[in-house]
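Trainee: This is the structure I want to talk about, given as structure tokens.
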Amino acid sequence: MKFSIQPVLENQEYQLIPLQQGDFESVYEVASDPRVWEQHPNKDRYKREVFESFFLGAMESGGAFKIIEKSSGDVLGSTRFYNFDEEENRIFIGYTFYGTKSWGKGINPQVKKLMLDYIFQFVDKVHFHIGKENFRSQKALERIGGEKIAEEEVAYFAEPTRTNFVYEIKKENRS
């Protein structure tokens, strides 16, 4: 099945715009705060040289977005679709981060809803890799119906392998 993993997605408040090379500085400005990465498996992504590799991986994925607040035009963070598996009819959503000013405001559930509503037109399952120490993201996934189904070692683009939990949301279980 042919579909785009990098459409423009939006609701009243937020837009997911396909990430472009020229977005590096505005996205890095959000990512350069060490607190953003405290619970992530790779805690040094706030460093420019480490984030450059992360950004390159985002560009090469072909499914990365910058998250924009429509009222201000501010970049809030980034997320992506990746690892589409046609045989399993599954895709991953992940590599998501937000600046601290966006935490606790209900932004992530809205962004995930946009992504899930779109992608469930094409797949039956969505998986998420979440670092085993990333309790904030684990809770967030469970709140939107994610179920932990596995634990696996994940080799991030140009970064060391880390233990992640795999969460799943099935199209048939969404209300």
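The values are calculated or read from the model by the stated rules, or taken from the named source; none is laboratory data. Everything numeric here is computed off the predicted structure, so don't read it as measured data. Here the Cβ positions follow ideal geometry from the backbone for every residue, glycine too, while neighbour counts run over all protein chains shown. Just so you know, the surface numbers come from the protein's heavy atoms only, side chains and all, with ligands and any DNA or RNA stripped out. Shrake-Rupley method; radii C 1.70, N 1.55, O 1.52, S 1.80 Å.
Trainee: Taking region 161-175 as the region of interest, how many residues are closer than 15 Å to Arg90 by Cα, part of a strand (DSSP E or B) and open to solvent by 20 Å² or more (accessible area, probe 1.4 Å)?
Mentor: Going through region 161-175 one residue at a time, the tally reaches 2.
Trainee: Somewhere in region 128-135, is a residue in contact with a Leu (Cβ under 9 Å, 6 or more places away or on another chain), free of Cβ contacts under 8 Å to residues at least 60 places away in the same chain and either under 22 Å from Leu16 (Cα atoms) or among the small types (Gly, Ala, Ser) (or both)?
Mentor: yes
Trainee: Looking for something basic (Lys, Arg), surrounded by fewer than 18 Cβ atoms within 10 Å (Cβ to Cβ) and more than 20 Å from Glu133 (Cα to Cα) - is there at least one such residue anywhere in region 18-39? Walk me through how you get there before you give the answer.
Mentor: At the first step, the residues of region 18-39 found to be basic (Lys, Arg) are 35.
Next, only the ones that are surrounded by fewer than 18 Cβ atoms within 10 Å (Cβ to Cβ) stay: 35.
Applying the additional criterion that residues be more than 20 Å from Glu133 (Cα to Cα) yields none.
Scanning region 18-39, I find no residue that is basic (Lys, Arg), surrounded by fewer than 18 Cβ atoms within 10 Å (Cβ to Cβ) and more than 20 Å from Glu133 (Cα to Cα), so the answer is no.
Trainee: Scan region 11-37 for residues that are outside any strand (DSSP E or B) and of a type in the set (Ser, Thr, Tyr) and jot them down.
Mentor: Our first condition is that a residue be outside any strand (DSSP E or B); within region 11-37, this holds for 11-13, 19-37.
Scanning region 11-37 gives Ser26, Tyr28, Ser32.
Trainee: Sticking with this structure for a sec: What about Phe55, is it more than 12 Å from the chain's Cα centre (by Cα), closer than 25 Å to Phe24 by Cβ and at pLDDT 95 or above?
Mentor: yes
Trainee: Ok, one more. Sort through Lys2, Lys43 and tell me the only one that's more than 26 Å from Thr163 (Cβ to Cβ) and either modelled with pLDDT under 95 or among the charged types (D, E, K, R) (or both).
Mentor: Working: Lys43 fails: more than 26 Å from Thr163 (Cβ to Cβ).
So the residue among Lys2, Lys43 that is more than 26 Å from Thr163 (Cβ to Cβ) and either modelled with pLDDT under 95 or among the charged types (D, E, K, R) (or both) is Lys2.
Trainee: Return the residue satisfying two criteria in turn: it lies in region 149-160 and is modelled with pLDDT under 90 and assigned to a strand (DSSP E or B), and of such residues it is farthest from the chain's Cα centre (by Cα).
Mentor: Glu153
Trainee: What number goes with the only condition from (1) touching a residue at least 12 places away in the same chain (Cβ under 8 Å); (2) in a loop (DSSP other than H, G, I, E, B); (3) in contact with a helix residue (DSSP H, G or I) (Cβ under 8 Å, 6 or more places away or on another chain) that Gln6 does not pass?
Mentor: (3)
One line per residue, one yes/no per condition, for (1) within 27 Å of Thr161 (Cβ to Cβ); (2) among the basic types (Lys, Arg); (3) in contact with a Lys or Arg (Cβ under 9 Å, 6 or more places away or on another chain); (4) at pLDDT 95 or above:
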residue: Tyr14; (1), (2), (3), (4): no, no, yes, yes
residue: Glu29; (1), (2), (3), (4): no, no, no, yes
residue: Glu60; (1), (2), (3), (4): yes, no, no, no
residue: Gly77; (1), (2), (3), (4): yes, no, yes, yes
residue: Thr96; (1), (2), (3), (4): yes, no, yes, no
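Trainee: Collect the residues in region 8-17 that are under 30 Å from Glu87 (Cα atoms) and loosely packed, with under 14 Cβ neighbours inside 10 Å, keeping them in residue-number order.
Mentor: Listed by number, the residues that qualify are Val8, Glu10.
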